[in-house]
Amino acid sequence: MSFAEKLINWYQVNGRVLPWRDTSDPYVIWLSEIILQQTRVEQGMPYFYRFLEEFPIVTKFAAADQELILRLWQGLGYYSRARNMQKAAKMVIEEFGGVFPRKYEQVIRLPGVGEYTAAAISSFSSNEFRAVVDGNVYRVLSRYFGISEPINTSSGKKLFAHLAHEMLDQHHPGTYNQAIMDFGAIQCKPKNPDCGQCIFRLECAAYNHGQINVLPVKLKGRASRNRYFHYFIIADQKGLLMVQRGNKDVWASLYEFPMYESEKNLNIDELRDTLSTLRYFGENVNLISIGGQVKHILSHQNIYAHFYFVDGIASIADKKSVGNYYLWEKLDKLAKHKLIFSFLEKNKQLISTKL
């Protein structure tokens with residue numbers, strides 16, 4: 001029995017039951033694939049249902065207000081994915097007559113769609129002979145064949161793309177692609193894979209040569225940059241003051257509290273002195289720390305955030321930081337990044353007493 005046959009047989013018994021597998025609609029498959037980029041299935045599932053309910057067809061997605069899309073996306077991170085989704089939906093309307101494409105060469109032209117996503121959509125929706133290569137596929141193939149070529153180098157990517165294509169089942173490429181991804185997610189996991197029950201243990205090079213914890217090989221990326229954000233919660237009877245971020249930094253166009261970024265970590269006394277020197281606030285301002293420091297990790301950036309209630313303030317001296325006041329029911333409709341969204345959820349009762 002071939003590798004592909006064994007894998008498909010395993011999948012028919014052990015494959016995950018996922019809602020986007022009950023359809024060949026490329027639009028629905030596209031929704032799931034974009035949402036699940038850099039997102040675990042358990043985390044992404046509620047978002048998939050939410051988006052499908054709000055935008056059951058691609059024309060509704062294309063016509064939606066971007067604020068709504070970003071609000072529905074809230075908590076997933078990597079907000080450029082959501083913006084690219086709407087660009088892709090509009091392109092489907094303009095260039096494909098509102099019919100979501102199934103062919104790889106058409107799908108890959110859509111914003112936010114790379115080789116993996118295009119292969120997944122085309123193979124799942126129309127059984128096109130295209131191999132998917134994601135983290136699960138890299139792991140299964142590198143361990144099975146004992147390949148130590150780093151998966152994040154150009155030569156490694158080329159090698160694994162060729163190998164994935166060679167291993168693809170001739171008659172059932174879509175099913176095979178689902179199978180190898182599930183096998184990597186369920187059986188051949190990054191840590192503590194179930195090698196004792198593995199259907200490939202006799203042939204697996206990594207298992208037979210004690211390299212399970214070594215493969216796949218991935219070169220370390222560049223060091224992350226540390227950033228220090230100080231958020232100010234300013235509330236009165238008009239509501240909570242919120243500022244919309246610009247377009248040239250992380251969390252573009254999303255809402256947050258007024259914020260000061262320092263070059264290094266500051267304690268509350270150092271922050272008061274700095275803000276006083278900058279005349280950020282008027283006089284007689286009292287800062288009250290809420291909780292401790294929060295670390296939020298982004299790609300190549302570590303955000304260290306502090307949150308402060310601001311008492312005794314009429315306005316912010318730095319006019320560029322002034323946003324708008326929002327009552328709680330309006331606040332909920334703003335698209336906020338995860339750091340702010342999580343803080344509000346955790347401190348909802350405390351903050352609401354100030355409004």
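The values are calculated or read from the model by the stated rules, or taken from the named source; none is laboratory data. Keep in mind it's a predicted model, so treat the numbers as computed, not measured. Don't worry about glycine lacking a Cβ; one is built from the backbone with ideal geometry, like all the others, and counts go over all protein chains shown. Side chains included, ligands, DNA and RNA excluded: accessible areas come from the protein's heavy atoms. Shrake-Rupley method; radii C 1.70, N 1.55, O 1.52, S 1.80 Å.
Values computed for the structure shown
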item	result
R0 of 45 Å, Cβ-Cβ distance H171-S276: FRET efficiency to nearest 0.05	0.05
Whole-percent carbon and sulfur share, accessible surface of the chain, 1.4 Å	49
Expected 222 nm ellipticity per residue - DSSP helices of 4 or more, -39500 (n - 2.57), all of the chain, to 500	-12500 deg cm²/dmol
Gyration tensor verdict on the stretch 232-275 (Cα atoms; rounded if a/c is under 1.5, prolate if a/b is larger than b/c, oblate otherwise)	oblate
In sequence order, calculated HN-Hα J values of the stretch 4-15 (Karplus, 6.51, -1.76, 1.60; Hz; x Gly/Pro)	5, 5, 4, 5, 5, 4, 4, 5, 5, 9, 10, x
Heavy-atom surface of the chain, accessible at 1.4 Å and reported per residue (Å²)	52
Relative contact order computed over the chain (Cα-Cα under 8 Å; 6+ residues apart), in percent	16
Fully extended contour minus Cα-Cα distance, from D22 to K157, at 0.36 nm per residue	45.5 nm
Cα centroid separation - the stretch 245-314 against the stretch 30-83, whole Å	29
Cα gyration tensor shape for the stretch 36-148, rounded if a/c is under 1.5, else prolate or oblate	oblate
Gain in span if fully extended, E5 to N208, counting 0.36 nm per residue against the direct Cα distance	70.9 nm
All lysines inside 24 Å of K248 as judged from Cα atoms, apart from same-chain residues fewer than 8 positions distant	K87, K90, K264, K295, K319, K320, K333, K336, K338
Extension gain, W328 back to S342 (0.36 nm per residue minus Cα-Cα distance, nm)	3.5 nm
Rounded to 10°, Cα long-axis angle of helix 41-54 versus longest principal axis of the chain	80
Most to least packed among 220-226, 256-262, 18-24, 244-250 [average Cβ atoms within 10 Å]	256-262, 18-24, 244-250, 220-226
Cβ-Cβ FRET estimate between S352 and E67, R0 fixed at 22 Å, reported to 0.05	0.45
Share antiparallel - DSSP beta bridges, the chain, percent rounded to 5	70
